[in-house]
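Q: Provided herewith is a single structure, encoded as structure tokens, for subsequent inquiry.
The values are calculated or read from the model by the stated rules, or taken from the named source; none is laboratory data. Since the model is a prediction, treat every value here as computed from it, not as a measurement. Neighbour counts are summed over all protein chains in view; Cβ atoms, including those assigned to glycine, are modelled from backbone coordinates with ideal geometry.
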């Protein structure tokens, strides 16, 4: 076995430049694969974060239409509902109106009933509940803007003026929460609905949408149907879907763009694989004569096949691993730079695993044909051809 | 000179004998060019849509601090003050909302913009034209749909009735508007939309056309200095350029990023092809050198082959991108306005040229090192191989 490895190494070292170029094109193919994985994840981040036991109810016509807050209690009283709370789009921005972020007036007391995955220090939680202008901020967002607990920050709303006509709202950063590790959920902030409702100039007692946690995820369709039926034929009809369904349909709004970028990356990936695969196959083809010699001196068919396969596998896996590592670094770097516009960009273990499997597959596929030929090689014929 | 010509021609004639490896180089380059052109044509198409249909004399007035038409808003009396500005020849206070419609391609709900317009709205948008059916009648629950919207979203055919919540709307016409973003929208009369959406007498934005495009600064100063108003005044073209910036920057960055990486990959493919080509013919080249052909002639011949393969790849790639993508219509959510924009990919001559230039660069770089190696090969040992 050791001897075989030696031969493989020598073979690869024979034309160092070619091996290097082949390796590099495999590396680049896998860098692109890692980017594709990161991008794909960003477009579907919401789906990944969605809880199976959460429903989203909004105005039937569009999410920009508001609903009466009384609906929350009515939903909460329904069968199969564990807890319900509400959100409103505040259109918050810190300094640059072009960089709006998710700031939601909500019932903070109930937030952890609905989103048990958000964690914060108990003393901060207590302080948050006592502070009317307290703001609960995700770790990623706090880091982005350099906020610490206790800071006083003015945040502007692009929609709601206060009674005095000013769009600037004062907040104290009362608590900072950490989420699931996917930065998308930490790029949000939550404020007390009471502060919002009493201080705003219009829209009193109206809310954006309701999030419900249900007792049994299996009954999601039944419960959402019951909610919509409850409000049918009222002035404000509703549309309820699972959180995952809501996130998926939101992701589908970008729809074509995400799909097109992915399709293009897929084409790129396969073009590069074609290039490197062909070169690898060619490297074996050139050595037909030598393989015949090896067989003449007693190498078994299986051993020759194994040697050829090992060679292409080595290039593919080494190139694949290097590519995935570089791509992963790149995605991680881009994720922190683009956190604001593109939360959820991250390298997932699934992408890594798929990448490794593809690398092995690449090695096998590019090595298979030459290996098969090598095994079937007729010694006399091949020697004669030389 | 004659040497160069003879050897290059001979070289090129031998390509069919090395078809396999040459094809790989061609395919690699074609892939790079096709992808680059396709991605950039998407960004270009999006920009085109938001910029066309605008005219230099057109202005848009939003509430100051608002980021788009969706979160802008005025009370009726403020809208009236703006509308009465003496610099405006035409004016249309408008209500901008979003309705959910099903996207034909994916059968999912999408945010489609719906606009309640004033009487001058059609005159302000240059090239506004009803291409099917008729214009809506003010005061009735009727709407006209932009050509792009009708193409991408379900239910927008003349004679159809749409249900938004408890409201029913008749689709009475389809319009076009010079390929601009209005074609992604549904239009109705502003008072009707205010009623349906319980907007009282409030408006989202005011569109207008100046009697003289040169009076923009005067118009802007007049409104921004009015103590009764707190507004943001922009030329329509600038407003839309800004709305397209986020998405087109994203697409361009992704596009160029992929293209650069991929160009590197294709470069390695080209290098391999050319090195193989040179080493396959080591003996032939050595013979030529022994016969008195100069190293320069050898370099030129190898480079010519590399460039020609790259050019072929570039042309194929550019052609593919043009065939597959030019005019390909899609819709996406514009981050800035939070509503759907329908646009067509635009494969412009400029992009095609860019793609072919990249192909030639790959050929140049990929051919240079092998060419030099060929020219510097020691004649005696190469002959002995």
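Q: Inside the range B:13-42, can you point out the residues that are part of a helix (DSSP H, G or I), more than 9 Å from chain A (Cβ to nearest Cβ) and over 18 Å from the mean Cα position of the chain (by Cα)?
A: Result: B:13, B:15, B:16, B:17, B:18, B:19, B:22, B:26, B:29.
Q: Is there any pair with a first residue in the range A:140-166 that is more than 10 Å from chain B (Cβ to nearest Cβ) and a second that is in a loop (DSSP other than H, G, I, E, B) and surrounded by 20 or more Cβ atoms within 10 Å (Cβ to Cβ) whose Cβ atoms are under 6 Å apart and which are 6 or more apart or on different chains, and what are they?
A: Filtered contacts from the range A:140-166: A:140/A:187; A:141/A:187.
Q: Can you tell me which residue among A:246, A:231, A:269, A:254 is farther than 23 Å from residue A:59 by Cα and crowded, with 16+ Cβ neighbours inside 10 Å?
A: Checking each option against the conditions leaves just A:269.
Q: Of the residues B:311, B:271, which single one is within 10 Å of chain A (Cβ to nearest Cβ) and either assigned to a helix (DSSP H, G or I) or touching a residue at least 24 places away in the same chain (Cβ under 8 Å) (or both)?
A: None of the other options fit; the residue is B:271.
Q: Condition (residue is within 14 Å of another protein chain (Cβ to nearest Cβ), over 13 Å from residue B:206 (Cβ atoms) and touching a residue at least 24 places away in the same chain (Cβ under 8 Å)) applied to the range B:68-81: is it met by at least one residue?
A: Looking for residues that are within 14 Å of another protein chain (Cβ to nearest Cβ), over 13 Å from residue B:206 (Cβ atoms) and touching a residue at least 24 places away in the same chain (Cβ under 8 Å), one finds at least one in the range B:68-81, hence yes.
Q: Continuing with this model, one more query. How about the range A:14-96: which helices (runs of 4 or more DSSP H) wholly inside it have at least 3 residues that are more than 11 Å from chain B (Cβ to nearest Cβ) and closer than 30 Å to residue A:268 by Cα?
A: It comes to A:16-43, A:45-49.
Q: Restricting to the range A:263-279, what's the tally of residues that are facing chain B (nearest Cβ under 8 Å) and either under 10 Å from residue B:269 (Cα atoms) or at pLDDT 75 or above (or both)?
A: The number of residues fulfilling the criteria is 8.
Q: Which of the following residues is in the same structural domain as residue A:154 (by TED's automatic domain parsing), buried (at least 20 other Cβ atoms within 10 Å of the Cβ) and at positive phi: A:80, A:91?
A: Unique residue meeting the criteria: A:91.
Q: Only one of A:320, A:328, A:333 is within 14 Å of chain B (Cβ to nearest Cβ), in contact with a helix residue (DSSP H, G or I) (Cβ under 6 Å, 6 or more places away or on another chain) and assigned to a helix (DSSP H, G or I); which?
A: A:320
Q: Okay, moving on. Which members of the range B:80-98 meet the condition of being in a strand (DSSP E or B) and either at pLDDT 90 or above or not assigned by TED's automatic domain parsing to the domain that holds residue B:163 (or both)?
A: B:88, B:89, B:90, B:91, B:92, B:93, B:94, B:95, B:96
Q: Still on this structure, please answer the following. Give me a count of the residues in the range B:160-184 that are in contact (Cβ under 8 Å) with a residue 40 or more places away in the chain and away from every other protein chain (no Cβ under 14 Å).
A: The number of residues fulfilling the criteria is 11.
Q: Going by the conditions given, is residue B:306 crowded, with 22+ Cβ neighbours inside 10 Å, under 16 Å from the mean Cα position of the chain (by Cα) and assigned to a helix (DSSP H, G or I)?
A: Criteria not met by residue B:306.
Q: When the residues of the range A:370-382 are narrowed to those that are farther than 14 Å from residue A:303 by Cβ and surrounded by 15 or more Cβ atoms within 10 Å (Cβ to Cβ), which ends up modelled with the lowest pLDDT?
A: That would be A:382.
Q: Find the strands (runs of 3 or more DSSP E) located wholly in the range B:149-241 whose residues include 3 or more that are touching a helix residue (DSSP H, G or I) at 6+ places or on another chain (Cβ under 6 Å) and over 15 Å from residue B:58 (Cα atoms), and list them.
A: Here the list reads B:167-177.
Q: Right, residue B:122: touching a helix residue (DSSP H, G or I) at 6+ places or on another chain (Cβ under 7 Å), closer than 23 Å to residue B:52 by Cα and assigned to a helix (DSSP H, G or I) or not?
A: Taking the combined requirement at face value, the residue does not satisfy it.
Q: While we're here: What's the total number of residues in the range A:280-310 that are at pLDDT 85 or above and either within 26 Å of residue B:280 (Cα to Cα) or not assigned by TED's automatic domain parsing to the domain that holds residue A:366 (or both)?
A: 2
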